[in-house]
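Nothing in this text is a laboratory measurement; each read-out follows from the coordinates by a stated rule. Model, not experiment: these values are computed from the prediction. For neighbour counting, all protein chains shown are included, and Cβ atoms are generated from backbone atoms with ideal geometry for every residue, glycine included.
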Amino acid sequence: MLLDPHRSSHRWLLCAALAGLILASLSAALTLGSVALDAQAFWQALSGQGGGLEATVVLELRLPRALSAFVTGGLLALAGALMQVLLRNPLADPYVLGVSGGAAVAALLAIMAGAGSVWLPAGAFAGALLSMLLVFGLAHGRGGWTTSRLLLTGVVLASGWSAVISFLLAIGPEQTLRSMLFWLMGDLSEARWPGAAAVALIFGLLVAMVLARSLNLLARGEIEAGMLGVAVGKLRVALFFLASLLTATAVTLAGSVGFVGLVVPHLLRLLIGGDHRLLLPASVAVGGSFLVLADTLARTVAAPQQLPVGVLSAFIGVPLFLYLLRRSGVRA
């Protein structure tokens with residue numbers, strides 16, 4: 001049943017549901033694991049009243065990882081929502097323009113060179129920015145760039161990065177191969193406090209909310225949006241750079257995590273409609289909660305062994321995506 005975004009009661013209900021989802025996912029991430037905590041031990045560790053193993057597990061291990069998962073999921077879902085408007089395709093993915101490919105190549109080179117944990121995210125972010133600039137520069141022809149030209153350029157560049165990644169995996173030393181594969185599949189085992197990434201998420205959401213009305217008009221069509229006063233060219237450039245920067249930040253934080261930016265915005269469009277004033281913050285909340293729950297499963301389903309979070313997000317995202325495709329086909 002679709003919620004009517006114009007009714008204030010439905011908006012408050014949606015806000016309450018999203019807040020409950022965030023709290024439930026974070027609570028599950030902090031209490032579940034190889035060391036299970038009951039409600040009393042969890043609260044004592046979180047409030048600083050407890051000590052020993054429980055406080056270390058909650059405050060130093062699980063909380064930074066849970067927050068990193070939430071920020072990563074929020075970044076990818078927000079980037080996906082913006083990319084779907086930019087490309088006018090409800091099934092567009094934040095990785096479709098090859099940003100993650102450039103980040104992956106730079107990250108794999110850093111791992112092969114034995115760079116420390118500080119240089120790995122820096123290299124990944126630099127690779128993502130390079131890929132973003134290449135896509136924008138190559139797609140800008142004599143008459144400016146169009147959506148189809150941008151998409152084709154991104155797909156071709158992503159294929160090129162994929163070939164480079166395969167080459168690096170083939171020639172990489174065996175002692176670094178596991179780390180390289182885990183990074184490519186999405187990994188939060190080395191997650192730290194996501195301060196800079198959280199700032200990027202808040203900034204990106206604020207900018208996107210400022211553009212929300214223009215996004216609603218752009219979703220109707222470029223001609224109609226232009227007639228209603230939207231600077232379509234400038235808006236598309238802003239969306240491209242904002243979505244790319246959000247994706248680059250997410251890839252830097254957790255590697256390549258698929259299906260979050262693809263499934264979450266599309267699912268929310270089916271549930272709450274296409275009003276971006278609601279869709280954008282809802283995407284952040286649901287995308288972050290989704291990845292927190294997926295990461296919780298990743299470190300508990302085969303404990304003490306930990307799985308890459310990208311594997312669990314794919315296991316959940318693939319059947320959900322197929323269901324959405326079938327539902328969209330029935331509606332069409």
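Using the Cβ-Cβ distance between Thr146 and Ile202 with R0 = 22 Å, the FRET efficiency computed as 1/(1 + (r/R0)^6) comes to roughly 0.10.
Once fully extended, how much extra length lies between Ala303 and Leu177, figured as 0.36 nm per residue of separation less the alpha-carbon to alpha-carbon distance? Show your work: numbers first, answer last.
Numbers: separation 126, 0.36 × 126 = 45.36 nm, distance 2.22 nm.
Length difference between fully extended and current span is 43.1 nm.
Of Ile202, Ile22, Ile171, the sequence from fewest to most neighbouring Cβ atoms within 10 angstrom is Ile171, Ile202, Ile22. For the pair Leu169 and Cys15, label points projected 7 Å from Cα toward Cβ lie 4.6 nm apart. Name the residue from Trp119, Ala16, His276 whose Cα lies farthest towards the positive end of the charge dipole of the chain, charges +1 on Cβ of Lys and Arg and -1 on Cβ of Asp and Glu. Value computed over the given set: His276. The length gained by stretching the chain between Phe315 and Asn89 to full extension, at 0.36 nm per residue less their Cα-Cα distance, is 79.0 nm.
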